[in-house]
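See below for the structure under consideration.
Computed from the coordinates by the stated procedures, all read-outs in this text should not be read as laboratory data. This one's a predicted model, so the numbers in the text were calculated from it and none came from an experiment. So basically every Cβ, Gly included, is an ideal-geometry build from the backbone, and we count neighbours across all protein chains shown.
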Amino acid sequence: FLVVAFLVAYHQNKQLIGEKGLLPCKLYLQNIKRYFRGKINLDALSYAPTIIWFLDWSDMDSTLDCLALAGLAISAFVLVAGCANMILMSILWLLYLSLVNVGQIWYSFGWESQLLETGFLGIFLCPLWTLSRLPQHTPPSSIVIWGFRWLIFRIMLGAGLIKIRGDGCWRELTCMDYHYETQPVPNPIAYFMHRSPWWFHRLETLVNHFIELLVPFFLFLGRRMCILHGLLQILFQVLLIISGNLSFLNWLTMVPSIACCFPWARREITFLWPGCVSHTGCHVRRVVNISFGLLLAYLSVPVVLNLLNSRQVMNTSFNPLRIVNTYGAFGSITKERTEVILQGTSSLDPNDPTAVWEEFDFKCKPGDLKRRPCFISPYHYRLDWLMWFAAFQTYEQNEWIIHLAGKLLAQEEEALSLMATNPFAGREPPRWIRGEHFKYKFSRPGGKHASEGRWWIRKRIGPYFPPVNLQGLKKFYEDRNWPFPVRD
């Protein structure tokens, strides 16, 4: 999963947080530094822990690329070799932590914290120096195994509680009537699942509640129930992968579920291991693991209090290193799908009723009615995901979308690489860009629209943001210290 995460970072960071990115991380770090009186002190490091503080800012694109490529190379080595040590795993964790903490809204989702927490736990599964697949002298401690089990317990119970406490449709068993159509990035399976009978959707919701609210407690009911818990969670994640594009979230959630299937033995619930009585490395490892367990217990206190709170928050970290976090998903379900469609025109007057407006399509999110929903998981298009949120908010809450419009006006290559189609390729840039707001619905399989090749039908709601041109956006850019778009 780190291979995928670093690959996504390498392909998209420059466009999103680079020198000419939609939300440049250099400006973000400069603002933090200014807030802490121009110093890179402990407060600044605690607010945004990242090694970028100590690297060269003169070419941020190269810095971001180096971090992503280093992480990609190390994680690929671990994947291919099938072995690692604590040093390599610590480097991977630090590299990704450094990207997440400058990624701003593009890295603000639960799976980023979950990957960091899983990676941190993974450090303690490995030997300190050697690259041995099965270290004979320092086997994994039961503390680490239970750390993974504690992680899957919090992930699932947090997701279940946020649903019961959140949208009423989860209690009424009607949420699945809408989920497949309104989830961030549907896939083709979701198109057909959406048309399942009403009773099937009710059954799905009941199964969801069972898996998320009851099954987690199987962990504490003995070996067989713990293994059953792991198998049920893995099966549940496979079903979620089949029916949606939730990045690497569901793939990642299988990792702590596997820890539930590890053998329960008497030696597992002690801090001693066979053949590891007098070896110095084992004693050191024992101290490290006990300290690690105490750290997890201490950092879990606010997480547990959050789970018990009727005002539970989801996907939040209570420590800057994101070692122990609180999770949750789909606490509320949107009942209608809305989309922001970006359109450009070469017309001199954007208000001319004869002006021809042409649409920019994104890589994966719904746009062209005849384009089949994509299969993309575990890969992830960050811009497409944020466009889903922007559609049920306003452009004032998502200023980056105006930044994107300016870049499309200038036909900047970085921004265009995030798009699936550019209707102005090989032509003069558009003079105006506007955002139009549409309501989208799946067409009915076998129906009239489907027979015409349409996966979606849509109805215009109104303007999302008015037509803008580059000259009119100049002050908007200056006020935010964003570089003015220039055609490449």
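The table below gives the values:
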| item | result |
| --- | --- |
| Estimated FRET transfer efficiency when R0 is 41 angstrom, pair Ser196-Ile227 (beta carbons, to 0.05) | 0.85 |
| R0 of 25 Å, Cβ-Cβ distance Arg37-Ser108: FRET efficiency to nearest 0.05 | 0.40 |
| Kirkwood hydrodynamic radius of the stretch 1-107, from inverse mean 1/r over distinct Cα pairs, in Å | 14.2 Å |
| Spatial separation of Cα centroids for the stretch 336-403 and the stretch 147-207, in angstrom | 26 Å |
| Farthest toward positive dipole pole in the chain [+1 Lys/Arg, -1 Asp/Glu at C-beta], among Cys261, Leu131, His11 | Cys261 |
| Prolate/oblate/rounded call for the stretch 38-183, Cα gyration tensor, a/c under 1.5 rounded | oblate |
| Unsatisfied cross-links (Cα-Cα over 29 Å) in the set Lys14/Lys475; Lys163/Lys365; Lys370/Lys407; Lys26/Lys441; Lys26/Lys474; Lys163/Lys441 | Lys26/Lys441 |
| Axial C-alpha extent at least 18 Å, average Kyte-Doolittle at least -1.0 - helices from the chain (DSSP) | 2-17, 60-81, 86-100, 110-123, 142-165, 223-243, 280-308 |
| Dipole magnitude of the stretch 368-488, debye to nearest 20 (Cβ charges: Lys/Arg +1, Asp/Glu -1, about Cα centre) | 820 debye |
| Projected label distance in nm at Ser347 and Arg480, using a 7 Å step from Cα toward the beta-carbon | 2.6 nm |
| Size of electric dipole in the stretch 427-488: Cβ of Lys, Arg +1 and of Asp, Glu -1, about Cα centre, debye, nearest 20 | 440 debye |
| Taking the convex hull of Cα positions in the stretch 338-480, its mean projected area over all directions (nm²) | 9.8 nm² |
| Value of [θ]222 nm, deg cm²/dmol, for the chain, DSSP H segments ≥ 4, -39500 (n - 2.57) each, nearest 500 | -15000 deg cm²/dmol |
| Positive-end extreme of charge dipole, the stretch 338-480 - chosen from Trp385, Thr338, Phe442 (charges on Cβ) | Phe442 |
| Farthest toward positive dipole pole in the chain [+1 Lys/Arg, -1 Asp/Glu at C-beta], among Ile433, Val100, Asn31 | Val100 |
| Normalised convex hull volume, the chain, alpha-carbon set, Å³ per residue | 164 Å³ |
| Neighbour cut-off at most 15 other Cβ (10 Å), DSSP loop, GluC sites (Glu not before Pro), the stretch 297-401 | Glu336, Glu399 |
| In the stretch 290-393, trypsin sites (Lys or Arg not before Pro) in a DSSP loop with at most 14 other beta-carbon atoms within 10 Å | Arg311, Lys335, Lys370 |
| Size of charge dipole - the chain - debye, nearest 20, with Cβ of Lys, Arg +1 and Asp, Glu -1, no other charges | 1260 debye |
| Whole-angstrom gap from the stretch 99-124 to the stretch 231-257, using each part's C-alpha centre | 17 Å |
